[in-house]
Amino acid sequence: MWVWPAGAEGAASRTVVVLGDSLSAGYGLKVQEGWVTLLSQRLASEGYGYKVVNASVSGETTQGGLARLPRVLELHKPDIVIIELGGNDGLRGLPLGTTRANLDVMIGLAARPGRSVLLLGLRMPPNYGERYTRGFAALYTQLAPVHHVPLVPFLLARVADQQSLMQSDGLHPNERGQPILLDNVWPVLKPLLRAQPH
């Protein structure tokens, strides 16, 4: 877990927490190349007074994220929580009902008055079969409206199908794909941000 101040040290009065897996932890990348670091830099360059806490862990499942979430919320008291989990559940072929239940509880815990939640949707490769892949994608599109939280339908849109933007494992975007991940998140995140008071 790392904390990246947006702007001058100590100037950030609000906090964004990213609770994710290797896609947000920057697997296979230098720290400064990942989309979460790029988010910190954009927040600073556009004058938003936020620090970003990357509470993402490579290999994390929704069960692991749910276990860690209460401590993360207590420790950092975030104004915005970005949840990017479920991919490892899917890659392991875990029951969709279990993944849905874990995400459901996580969103419920994170969504409180004065705190916003953004859900980042993921998808499975087609080799998992149409029934599973459709059901997996639907987890996010169904949960977001239930909790009235905004959704990025697919974090890896415009990246996952471009070999030149992916690492050799075919699962993780490379450094060239990271700005596109941020561009996928930014339009949905921006309405949740409050401008830095002057």
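Coupling constants for region 52-57 follow from the phi torsions by the Karplus curve (6.51 cos²θ - 1.76 cosθ + 1.60, θ = phi - 60°), and in residue order they are 10, 9, 8, 9, 8, 10 Hz; glycine and proline get x.
Only protein heavy atoms count here; under a 1.4 Å probe, THR133 has an accessible surface of about 30 Å². For Rg and Dmax of the Cα atoms in Å, the listed values are [x] 15.9, 53; [y] 16.1, 44; [z] 15.8, 49; which was obtained by calculation from the structure presented? Identified label for the calculated read-out: [x]. For the chain, the solvent-accessible area with a 1.4 angstrom probe is 47 square angstrom per residue. Between GLY20 and ALA55, SER56, VAL57, GLU84, the built amide H atoms are under 5 Å apart, and every one of these is 5 or more places off in sequence or on another chain.
Of all accessible surface on region 67-197 at a 1.4 Å probe, what whole percent is carbon and sulfur? Of the solvent-accessible surface of region 67-197, carbon and sulfur hold 55 percent. To the nearest ten degrees, helix 178-189 and the longest principal axis of the Cα atoms of the chain are 70 degrees apart. Taking the DSSP beta bridges in the chain as the whole, what percent of them are antiparallel, to the nearest 5? Here the antiparallel bridges make up roughly 25 percent for the chain. Stretching ASN174 away from ARG92 to a fully extended chain increases their span by 27.3 nm, per 0.36 nm per residue minus the current alpha-carbon distance. How far is helix 96-110 tilted off the main Cα axis of the chain, in degrees rounded to 10, range 0 to 90? On a 0 to 90 degree scale, this one is about 10.
At a 10 angstrom cut-off on C-beta neighbours, averaged per residue, how do the peptides 142-149, 22-29 rank from highest to lowest? Provide the component values of the computation, followed by the final result.
Values: 142-149: 14.6, 22-29: 21.8.
Most protected by this proxy first, the peptides run 22-29, 142-149.
Each residue of region 153-167 was assigned a 3J(HN,Hα) from its phi angle through the Karplus curve 6.51 cos²θ - 1.76 cosθ + 1.60 (θ = phi - 60°); the sequence is x, 8, 4, 8, 4, 6, 10, 4, 9, 10, 4, 5, 9, 10, 5 Hz, with glycine and proline shown as x. Straightening the chain between THR141 and SER45 buys 31.4 nm, computed as 0.36 nm per residue apart minus the Cα-Cα spacing. Database remark: amide H of ASN174 closer than 5 angstrom to the amide H of MET166, GLN167 (H placed geometrically; neighbours at sequence offset of 5 or more, or on other chains; Pro and chain starts carry no H). The helix-only estimate of mean residue ellipticity at 222 nm for the chain, built from DSSP H runs of length n ≥ 4 each weighted as -39500 (n - 2.57), is -12500 deg cm²/dmol after division by the residue total. Taking a point 7 Å out from the Cα of SER164 in the direction of its Cβ, none of the residues of region 24-56 has a backbone N less than 14 Å from it. Quick check: the angle from helix 62-76's long axis to the longest principal axis of the chain, C-alpha only, nearest 10 degrees? Value to nearest ten degrees: 10. Per-residue SASA remark: ASP79, around 40 Å² accessible (1.4 Å probe; ligands, DNA and RNA not included).
With a 1.4 Å probe rolled over the protein heavy atoms of all chains, the accessible area of TYR140, TYR132 falls in the order TYR132, TYR140, largest first.
What's the longest bit of the chain with no exposed trypsin sites (Lys or Arg not before Pro), using DSSP loop states and at most 16 other Cβ atoms within 10 Å as the test? Within the chain, the longest run free of exposed trypsin sites (Lys or Arg not before Pro) spans 93-157.
Amide H contacts for THR15 (H built 1.01 Å from N in the peptide plane; partners 5 or more residues away or on another chain; cut-off under 5 Å): LYS51, ASP79, ILE80.
The values are calculated or read from the model by the stated rules, or taken from the named source; none is laboratory data. Values in this document were obtained by computation on a predicted structure and should not be read as measured data. For neighbour counting, all protein chains shown are included, and Cβ atoms are generated from backbone atoms with ideal geometry for every residue, glycine included. Just the protein is used for accessible areas: all its heavy atoms, side chains included, with ligands, DNA and RNA removed. Shrake-Rupley method; radii C 1.70, N 1.55, O 1.52, S 1.80 Å.
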